Amino acid sequence: MEERVFLEQRLGGIFDSLGISLVRQSSSGTSLSPLGAYLTIIRLKDEATYWHCVRVALCGVKVAEALNLDFKPLFYAGLLHDIGKAAVDQDLLTKKHFTAADYEKMKPHVLHGYYLLRGVYNFSAEIILRHHRYYSDGYPKILPRSRVRYSKETKELIDHFAKVLAIIDFYDAATTRDNERSKEKEVKALLIQKFPNESEIINLCYEKGIFIEI
């Protein structure tokens with residue numbers, strides 16, 4: 001419980017710094033902002049997924065600062081990267097040991113998230129769409145056509161943010177979830193094995209104390 005209070009305080013501090021309110025005030029009363037609505041959907045679907053998203057977002061802020069990147073893309077994409085799990089069966093979300101069939105059932109969550117966010121948070125949607133593509137069995141294999149015409153430089157930036165998000169996502173799952181990943185003793189070695197082309201980023205995260213070996 002203390003950890004969750006701490007996470008909420010850090011989250012609230014970043015919201016304040018960005019001028020973000022999860023609730024809108026109008027003459028007809030109060031309503032959730034788009035971000036507030038998305039986060040509520042995640043939390044109502046599965047508390048563990050919600051807190052995972054919060055940790056990934058907050059870690060993303062630290063990693064972005066270490067890499068001299070704008071932290072906002074990783075913050076937003078981290079908060080929303082699992083919004084597509086709202087369309088996944090509840091029993092699947094709470095399983096601790098996945099079969100090959102379970103993994104196949106989980107894969108569409110990335111596309112679900114992309115379509116939920118597209119038109120509202122387009123840049124975040126593009127990052128989230130790609131963040132599971134960097135493993136040997138990454139997905140989705142074919143990307144939907146974007147409604148926004150991005151420059152080559154912006155596409156490269158999206159890809160870079162997606163790779164960083166993938167590393168943070170994997171790290172958090174491996175160090176906090178009670179599942180097969182959490183049984184790995186050497187998370188750093190596993191990260192480098194999974195992301196061999198991003199070892200410089202991974203090593204920097206450990207050097208800066210952002211990632212710690214459990």
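The rows are residues; the columns are (1) of a type outside the set (S, T, N, Q); (2) surrounded by 13 or more Cβ atoms within 10 Å (Cβ to Cβ); (3) modelled with pLDDT of 95 or more; (4) in contact with a Ser or Thr (Cβ under 9 Å, 6 or more places away or on another chain).
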residue	(1), (2), (3), (4)
E3	yes, no, no, no
G13	yes, no, yes, no
S26	no, no, no, no
T30	no, no, no, no
I41	yes, yes, yes, no
H52	yes, yes, yes, yes
L58	yes, yes, yes, no
K62	yes, yes, yes, no
A66	yes, yes, yes, no
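Kindly establish whether K96 is touching an Asp or Glu at 6+ places or on another chain (Cβ under 8 Å), outside any loop (DSSP other than H, G, I, E, B) and over 19 Å from V164 (Cβ atoms). Before you say what the answer is, go through the steps one by one.
Working: touching an Asp or Glu at 6+ places or on another chain (Cβ under 8 Å): yes; outside any loop (DSSP other than H, G, I, E, B): no; over 19 Å from V164 (Cβ atoms): yes.
Considered against the rule, which asks whether it is touching an Asp or Glu at 6+ places or on another chain (Cβ under 8 Å), outside any loop (DSSP other than H, G, I, E, B) and over 19 Å from V164 (Cβ atoms), K96 comes out as no.
Given the conditions (1) in contact (Cβ under 8 Å) with a residue 12 or more places away in the chain; (2) within 25 Å of D91 (Cβ to Cβ); (3) out of contact with any Asp or Glu (no Cβ under 6 Å at 6 or more places or on another chain), and given that R55 satisfies all but one, which numbered condition is not satisfied?
Going through the list (1) in contact (Cβ under 8 Å) with a residue 12 or more places away in the chain; (2) within 25 Å of D91 (Cβ to Cβ); (3) out of contact with any Asp or Glu (no Cβ under 6 Å at 6 or more places or on another chain), R55 breaks only (3).
Can you work out which of the residues in segment 34-73 that are among the polar types (S, T, N, Q) and within 16 Å of the chain's Cα centre (by Cα) is farthest from K163 (Cα to Cα)? Give the steps one after another, and end with the answer.
We begin by selecting, within segment 34-73, every residue among the polar types (S, T, N, Q); these are 40, 49, 68.
Of the ones still in play, those that are also within 16 Å of the chain's Cα centre (by Cα) are 40, 49.
Numbers: T40: 26, T49: 20 Å.
The qualifying residue farthest from K163 (Cα to Cα) is T40.
I'd like to know if segment 69-85 contains one or more residues that are surrounded by fewer than 13 Cβ atoms within 10 Å (Cβ to Cβ) and at pLDDT below 95. Even if it seems obvious, please write down each step before you answer.
At the first step, the residues of segment 69-85 found to be surrounded by fewer than 13 Cβ atoms within 10 Å (Cβ to Cβ) are 70.
Those still in the list that are at pLDDT below 95 too: none.
The answer is no; no qualifying residue exists.
Can R145 be described as under 30 Å from G209 (Cα atoms) and at pLDDT below 95? So that I can check it myself, show each step before the final result.
On the way: under 30 Å from G209 (Cα atoms): no; at pLDDT below 95: yes.
Here the answer is no, as R145 does not meet what is asked.
Given the residues A174, A166, which is the only one that is touching a His at 6+ places or on another chain (Cβ under 7 Å), surrounded by 12 or more Cβ atoms within 10 Å (Cβ to Cβ) and within 22 Å of A66 (Cβ to Cβ)?
Values: A174 fails: touching a His at 6+ places or on another chain (Cβ under 7 Å).
Exactly one residue qualifies, and that residue is A166.
Any residue at all in segment 8-22 that's farther than 20 Å from L117 by Cβ and of a type in the set (S, T, N, Q)?
yes
Are there any pairs, at least 6 apart or on different chains, whose C-beta atoms fall under 8 Å, with the first in segment 116-145 and on the phi < 0 side of the Ramachandran plot and of a type in the set (D, E) and the second surrounded by 13 or more Cβ atoms within 10 Å (Cβ to Cβ) and part of a loop (DSSP other than H, G, I, E, B), and if so, which?
Listed by first residue and then by second, the contacts come to E126/S146; E126/Y150.
Take the residues in segment 90-122 that are among the aromatic types (F, W, Y), surrounded by fewer than 16 Cβ atoms within 10 Å (Cβ to Cβ) and within 19 Å of the chain's Cα centre (by Cα), then tell me which one is farthest from G138 (Cα to Cα). Step through it out loud before you land on a result.
Narrowing segment 90-122 to residues among the aromatic types (F, W, Y): 98, 103, 114-115, 121.
This time we only want the ones that are surrounded by fewer than 16 Cβ atoms within 10 Å (Cβ to Cβ), so: 98, 103, 115.
Still in the list and also within 19 Å of the chain's Cα centre (by Cα): 103, 115.
On the way: Y103: 11, Y115: 19 Å.
Filtering segment 90-122 for residues that are among the aromatic types (F, W, Y), surrounded by fewer than 16 Cβ atoms within 10 Å (Cβ to Cβ) and within 19 Å of the chain's Cα centre (by Cα), the one farthest from G138 (Cα to Cα) comes out as Y115.
Provide a single number: the residues in segment 186-214 that are in contact (Cβ under 8 Å) with a residue 24 or more places away in the chain, over 20 Å from H131 (Cα atoms), touching a Lys or Arg at 6+ places or on another chain (Cβ under 9 Å) and not hydrophobic (A, V, I, L, M, F, W, C).
Total satisfying the criteria: 2.
Give the residues of segment 148-184 that are closer than 20 Å to H52 by Cα and either at pLDDT below 95 or more than 19 Å from the chain's Cα centre (by Cα) (or both), sorted by residue number. Walk me through it before giving the result.
Keep residues of segment 148-184 that are closer than 20 Å to H52 by Cα, which gives 161-184.
A173, A174, T175, T176, R177, D178, N179, E180, R181, S182, K183, E184 - these are the residues of segment 148-184 that are closer than 20 Å to H52 by Cα and either at pLDDT below 95 or more than 19 Å from the chain's Cα centre (by Cα) (or both).
The values are calculated or read from the model by the stated rules, or taken from the named source; none is laboratory data. Please read all numbers here as calculations on a predicted model, not as lab measurements. So basically every Cβ, Gly included, is an ideal-geometry build from the backbone, and we count neighbours across all protein chains shown.
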